Amino acid sequence: MDRNELAGWLRLTLTDGVGNDTARKLLAAFGPPQNIFSQPPHALAQLVSQNQLRQLKTVPEGLAALLDTTWEWLNASAPDTPRRSIVAIGDAGYPATLLNIEDPPLMLYVMGAGSLNGTDGAYSPAQSIAIVGSRNPTAQGVETAQAFAQALQKAGLTVISGLALGIDSAAHTGALLHADPNPLPPGDRLRTIAVVGTGLDRVYPKRNLALAHKIAHHGLIVSEFPLGTPPLVANFPRRNRIISGLAQGTLVVEAALRSGSLITARLAAEQGKEVFAIPGSIHSGQSRGCHALIRQGAKLVETVQDILEELKPGGTTSAGEAGDTDDEPASRTEDALLEALGFDPATLDVLQARTGLPTPDLQAQLMTLELDGLVARLPGGLFQRISAA
């Protein structure tokens, strides 16, 4: 996109009173934005109201400054700067899956290690899953989201979320576990995609700055909002249609009954995508949204395999089959842990004494076994083996 094209797209998106629906009608009738603004009034009047016509003929305040800022952002060349691009609807680089959603965005600002059109092999909607949930999750919810994201990424899926606190952050973090310190090589599959509700020159919340930096080097950060857009409340529900639209399915880990995560799940269902929900305690308010989704037809998820058997990413049949022979020692260690556990309930301290494993490694292996349906977590901090497999 050259500077003149960028100016036309920015002017179209900044024009008061002209929303996405009207803009798409104008684009369909006249072609690129430069053509729209060169049309005589009588031609535009066939598609827009008189007020919209006046706005289209008026250069928006702040356009020149935004054009300069955006052009500089696109062409930044400082060391360690992730790749940046803008794709407009109709461009070859625009993700085809978003064309089928209600109200597809006119423009996408993209920053990171690949592209969204699938030609470089970095992203494919058929190999992507959205993971969303509460901004105020339980400790178990954070642990579950991170473990599911790690296992699904390992199984061949790109994890998509919204960079919010809570479950979103845990999902991105899980997808990035054990990532190489160096940026993702060109053509490698993206580990994670963050769809945000601000301009890409801002990170919200600020405490996710380091996480956003890591995402940009091993995945993508995407927004439909111009640079400089602050974290406005109305923008976050809007970005949810993009989260679900980019993914083959959506997993809700924890959510209250009135939750933005349920909006994402509803949008996914309306888009014909799979919806998954993890059940929880009947006493937890953070489980009620997931239980409501399950009653409405979402697939109840207990293990990663429940998701993989529906999505079948790249022919992968289990979370451990990612073509990585380094998984074999981990499998042997988990088998040893099962043997140490036996079939009687045991506490974490008891298991640590039996195995000699450091606490973080022991917790990670227990979570993996729990996700695989081999271990159950009982009240009182107890763990019990539930399968001889």
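The values are calculated or read from the model by the stated rules, or taken from the named source; none is laboratory data. Fair warning: this is a prediction, and the values are worked out from it, not measured in the lab. Glycine gets a Cβ as well: all are built from the backbone with ideal geometry, and neighbour counts include every protein chain shown. We work out accessible area using only protein heavy atoms, side chains counted, and drop any ligands, DNA or RNA first. Shrake-Rupley method; radii C 1.70, N 1.55, O 1.52, S 1.80 Å.
Can you work out the PRE-style zone for Glu61? Point 7 Å along Cα to Cβ, and I want the residues of region 220-259 with backbone N under 19 Å. Only 226-230 fall inside the zone, counting backbone N under 19 Å.
Considering only Thr144, Thr70, Thr81, the Gaussian network model of the chain with Cα springs below 10 Å gives its largest mean-square fluctuation to Thr81.
Just the protein heavy atoms count here, and of the accessible area of the chain at 1.4 Å, carbon and sulfur take up 52 percent. Computed extension length for Ala210-Ser281: 22.3 nm, one decimal, from 0.36 nm per residue of separation with the Cα-Cα distance subtracted.
Ala28 to Thr69: FRET efficiency via 1/(1 + (r/R0)^6), r the Cβ-Cβ distance, R0 30 Å, to the nearest 0.05?
Values: r = 29 Å, r/R0 = 0.97.
FRET efficiency, Ala28 to Thr69: 0.55.
The GNM of the chain, with springs linking C-alpha atoms under 10 angstrom apart, assigns the highest mean-square fluctuation among Leu227, Leu152, Leu63 to Leu63. Each residue of region 86-92 was assigned a 3J(HN,Hα) from its phi angle through the Karplus expression (A = 6.51, B = -1.76, C = 1.60, θ = phi - 60°), giving 10, 10, 9, 4, x, 6, 4 Hz with x at Gly and Pro. Relative to the longest principal axis of the Cα atoms of the chain, the long axis of helix 167-176 makes an angle of roughly 80 degrees.
3J(HN,Hα) along region 131-143: 10, 9, x, 5, 7, 10, x, 6, 4, 5, x, 4, 4 Hz, from the Karplus curve 6.51 cos²θ - 1.76 cosθ + 1.60 with θ = phi - 60°, whole Hz, x for Gly and Pro.
Accessible surface comparison of Glu370, Glu302, probe 1.4 Å, protein chains only, largest first: the order is Glu302, Glu370. Solvent-accessible surface of the chain, taken per residue with a 1.4 Å probe and all protein chains present: 46 Å².
Once the chain from Ala139 to Glu102 is taken as fully extended at 0.36 nm per residue, the excess over their C-alpha distance is 9.8 nm.
Considering helices alone, the calculated mean residue ellipticity of the chain at 222 nm is -12500 deg cm²/dmol, with DSSP H runs of length four and up weighted by -39500 (n - 2.57) and normalised per residue. Applied to region 19-31, the Karplus parametrisation 6.51 cos²θ - 1.76 cosθ + 1.60 on θ = phi - 60° returns per-residue 3J(HN,Hα) values of x, 4, 4, 5, 4, 5, 5, 5, 5, 5, 7, 10, x Hz, with x for Gly and Pro.
Show me the trypsin sites (Lys or Arg not before Pro) within region 1-109 that DSSP assigns to loop and that have at most 16 other Cβ atoms within 10 Å of their Cβ. Each step should come with its number before you reach the end.
Numbers: sites: Arg3, Arg11, Arg24, Lys25, Arg54, Lys57, Arg83, Arg84; in loops: Lys57.
Of the trypsin sites (Lys or Arg not before Pro), the ones in loops of region 1-109 whose Cβ has at most 16 other Cβ atoms within 10 Å are Lys57.
The long axis of helix 359-371 is offset from the longest Cα principal axis of the chain by roughly 80 degrees.
Starting with the highest mean, order 357-366, 265-274 by the number of other Cβ atoms within 10 Å, averaged over the residues of each peptide.
On the way: 357-366: 15.9, 265-274: 18.8.
Highest-to-lowest ranking by the protection proxy: 265-274, 357-366.
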